[in-house]
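The values are calculated or read from the model by the stated rules, or taken from the named source; none is laboratory data. Since this is a predicted model, take the numbers as computed values, not measurements. As a convention, Cβ positions derive from the backbone with ideal geometry for all residues, glycine included, and neighbour counts pool all protein chains shown. Note: accessible area is taken over every heavy atom of the protein model, side chains too, but ligands, DNA and RNA are not part of it. Shrake-Rupley method; radii C 1.70, N 1.55, O 1.52, S 1.80 Å.
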Amino acid sequence: MAHDITPSGPKPSRLSVARIGVYGFLAMSAIFFAIPLYVMIVTSLKGMPEIRLGDLFALPNDPSFAAWVKAWAQACTGVSCNGIHEGFWNSVVITVPSVVFSIMLGAINGYALSFWRFKGANIVFAILLFGAFVPFQVVIYPLIIFLREVGLYGSLTGIVLVHMAFGMPIMTLLFRNYFSSLPEELFKAARVDGAGFWQIFFQIVMPLSVPVTVVAVILQTTGIWNDYLLGLIFAGHDNLPMTVQLNNIVTTTFGVREYNVNMAATMLTAIVPLAIYLISGKYFVRGIAAGAVKG
Amino acid sequence: MKTNADVLTQNTGNSTRKRKKLNFTSLIASTPMIIVAIGLFVICAGYSIMLSFTKSKLFPKFNWVGFDQYERLWSTTRWVTSVENLLIYGSLFIIFCLVAGFLMAVFLDQKVRFENGFRTLFLYPYAMSLVVTGLVWQWMMEPSLGIQNVVQELGWESFRFAPLVNPELAIYGILIAAVWQSSGLVMALMLAGLRGVDSEIWKAAKVDGIPTWRTYLFIVLPMMRPVLITSLVLLCVGVVRVYDLVVAQTGGGPGMATEMPAKFVIDHITVRNNVGLGMAAATMMLLPVLLVIGPWIYREYVKKGSRA
């Protein structure tokens with residue numbers, strides 16, 4: 001009976017009460033989500049006298065980028081007053097190699113786990129999976145001791161290694177799940193033709209993995225850029241990432257708090273992941289779902 | 001089930017020697033993975049647990065004291081408060097994110113205009129770091145220049161919205177910021193789930209005259225169990241790692257009002273120089289993860305022992 005339903009009765013009017021309710025709810029939610037970004041932007045474009053008037057939501061009378069310039073080049077991040085630009089470049093220098101290497105490792109791991117399972121691969125994978133859920137706090141202290149012993153604590157190499165290690169569970173999982181969905185015949189055919197481990201990886205599997213690699217790049221870039229804890233502990237004084245310097249600017253100011261500079265610095269820190277989010281669209285959502293383990 | 005490698009070697013009739021060689025290459029390629037898995041998640045975690053049974057202060061020392069650190073931990077006000085805070089914050093965070101995310105997904109599913117615009121707006125906070133989130137909300141919750149002031153100037157004198165300066169309410173200030181940041185995630189997952197629901201279900205419900213909201217709540221929602229579990233897992237992981245948000249928004253204060261276990265551990269291994277106690281706290285954080293995730297991983301991945 002359910003297979004042949006044709007619409008009957010009058011066409012519902014476009015603006016029924018229910019429709020108004022739907023749009024009302026969505027508009028309210030939209031305002032809630034938009035307000036912080038709006039406040040961040042208008043505050044950063046105001047001068048301090050205007051901010052002291054207390055009109056948080058008012059548009060700036062005389063929009064100026066002075067606070068942005070100060071945040072970028074002069075704001076005090078603890079000891080020095082060179083602005084957040086040092087942190088920006090530190091974050092770039094930390095993020096790029098961390099993303100590249102963690103994705104390479106994740107792809108190789110996923111490939112080995114999907115097509116070339118060595119003895120005990122299950123156990124290793126289970127431990128890694130468990131690692132995806134372990135709070136950093138549980139392993140951080142021994143890791144500090146170890147890196148100190150080998151002389152990498154507080155160095156760029158150290159923080160990149162740390163990001164690679166902590167990114168490995170999710171990257172491995174992402175690639176393994178993707179490779180599991182590739183047709184096995186492809187792989188078999190290559191093996192019959194005598195292709196080896198690396199040949200199949202570079203010539204057959206990786207060219208098919210562009211979508212999953214894009215997802216991985218988005219996931220890792222935003223994740224590592226937004227990291228605070230690992231950067232604070234492992235990066236060392238000369239490599240502190242942008243998030244750490246941002247927090248220093250805002251929380252360690254003496255005297256008058258310059259809210260416009262704070263918000264400009266906050267915007268500067270948020271711009272990179274925000275841009276990635278807006279450009280990547282649906283890939284970003286896929287990246288989120290990648291954290292979801294298929295049961 | 002047979003692994004790919006087994007199947008292949010049989011099909012192509014390769015010698016055992018070749019198979020061994022291939023297995024060896026795969027093992028070499030997997031060395032970093034093995035090192036990280038064993039080194040970081042077994043040895044490091046084990047080392048942390050070991051240190052929790054010692055009197056280590058600034059550096060690791062192996063002067064065993066049994067369960068002393070745990071006794072001290074649970075009689076430390078700061079820790080007990082942290083755990084209480086985490087339980088309040090965590091349960092409310094999960095409930096609010098799930099409800100808000102589900103509602104937003106359902107409303108977006110009503111063939112609305114500007115769906116992409118709304119979706120982009122609901123999810124963008126999730127792309128931003130928790131430090132950014134904490135600092136923005138700290139500014140908006142500022143007592144004399146923030147939202148409270150704006151509403152009071154409009155004439156509503158008794159309006160109060162400055163939770164961060166009130167020890168009773170500070171945790172809810174964190175909660176608002178956290179829900180703002182994460183509920184879009186649930187929305188995105190749920191919307192994808194809703195789109196995957198068979199349209200026949202909707203037709204059948206229409207024919208039976210079931211109201212739309214009941215269909216969503218009692219038919220569609222139970223069908224989305226996997227999405228719910230995914231959301232729940234991601235939110236739980238976020239709860240345990242709440243460190244960044246607290247540090248940026250309140251620094252744990254006022255008083256101990258927003259202290260969290262994650263911050264307790266970091267404080268004790270850095271500024272407070274009490275590694276033994278910190279590691280006991282870390283072990284307590286590991287325990288629920290082990291109890292929940294451990295059996296599940298074992299059942300799904302070790303026992304089955306095949307490609308999922």
Kirkwood Rh over alpha-carbon pairs of the range A:177-295 plugged into Stokes-Einstein at 25 °C, 0.890 mPa s gives a D in µm²/s of 138
Fraction of the pair-distance distribution of the range B:69-303 above 24 Å, Cα-Cα pairs, percent: 57
Coarse-grained scattering of the protein assembly as shown at q = 0.06, 0.08, 0.11 Å⁻¹, given as base-10 log I(q)/I(0) from a Debye sum over alpha-carbon atoms: -0.36, -0.63, -1.15
Ordering of B:93-101, A:244-252 by burial proxy (mean other Cβ atoms within 10 Å per residue, highest first): A:244-252, B:93-101
If only Cα atoms are counted, what is the Rg of chain A, and what is its Dmax, in Å? 24.9, 79
If amide H atoms are built 1.01 Å from N in the plane of the peptide, which residues on other chains or at least 5 residues away come under 5 Å of the amide H of B:Thr54? B:Val65
For B:Phe67 paired with B:Val99, estimate the spin-label separation in nm (one decimal), with each label point 7 Å from Cα along the Cα-to-Cβ line. 3.9
Hypothetical label at B:Val80: residues of the range B:268-302 whose amide nitrogen lies under 19 Å (7 Å Cα-Cβ projection): B:277-278, B:280-282, B:284-285
Extended-chain gain in nm, criterion 0.36 nm per residue less alpha-carbon gap, B:Val112 and B:Ala204: 30.9 nm
Over all distinct alpha-carbon pairs, what is the Kirkwood Rh of the range A:18-64 in angstrom? 12.1
Accessible surface buried upon B-A contact (total; probe 1.4 Å; Å², nearest 100): 9500
Carbon + sulfur, % of accessible area of the protein assembly as shown - ligands and nucleic acids excluded, 1.4 Å: 67
Can you list residues whose amide H is under 5 Å from A:Thr77's amide H, if they're 5+ apart or on another chain and H is modeled 1.01 Å from N? A:Asn82, A:Gly83
Give me a comma-separated list of calculated 3J(HN,Hα) values for the range B:204-220, in order, Karplus coefficients 6.51, -1.76, 1.60 applied at θ = phi - 60°, integers in Hz, x for any Gly or Pro. 4, 5, 4, 4, 6, x, 7, x, 3, 5, 6, 4, 4, 6, 9, 10, 6
What is the calculated FRET efficiency for A:Val100 to A:Ala66, with r their C-beta to C-beta distance and R₀ = 30 Å, to the nearest 0.05? 0.20
With heavy atoms of protein chains only and a 1.4 Å probe, what residues of the range B:133-162 have at least 10 Å² less accessible area in the full set of chains than alone? B:Leu135, B:Val136, B:Trp137, B:Gln138, B:Trp139, B:Met140, B:Glu142, B:Leu145, B:Ile147, B:Asn149, B:Val150, B:Glu153
For chain A, what does -39500 (n - 2.57) per DSSP helix run (n ≥ 4), summed and divided by total residues, give at 222 nm, in deg cm²/dmol to the nearest 500? -22000 deg cm²/dmol
Output ³J(HN,Hα) for the range A:196-211: one whole-Hz value per residue in order, computed from phi by the Karplus curve 6.51 cos²θ - 1.76 cosθ + 1.60 with θ = phi - 60°, and x for Gly and Pro. x, 3, 6, 4, 5, 4, 7, 9, 10, 6, 5, x, 7, 9, 4, x
When Cβ neighbours within 10 Å are restricted to other protein chains, what is their mean count per residue of peptide A:20-32? 5
If packing is taken as the average number of other Cβ atoms within 10 Å across a peptide's residues, how do B:74-87, A:90-103 rank, most packed first? A:90-103, B:74-87
Would you pull out the residues with amide H under 5 Å of A:Asp227's amide H, same chain only if 5 or more places away, H placed 1.01 Å from N? none
From the C-alpha gyration tensor of the range A:216-272, square roots of 5λ in Å: 23, 15, 7
State, as an integer percentage, the relative contact order of the range B:213-308 based on alpha-carbon contacts under 8 Å between residues 6 or more apart. 15
Averaged over its residues, how many other protein chain Cβ atoms are within 10 Å of peptide B:277-287's Cβ atoms? 3
Whole-Hz Karplus couplings 3J(HN,Hα) for the range B:34-49, θ = phi - 60° and coefficients 6.51, -1.76, 1.60, Gly and Pro as x, run 5, 4, 5, 4, 6, x, 7, 8, 10, 5, 4, 4, x, 4, 4, 5
Given a 1.4 Å probe, the accessible area of the protein assembly as shown per residue, as a whole number of Å², is 45
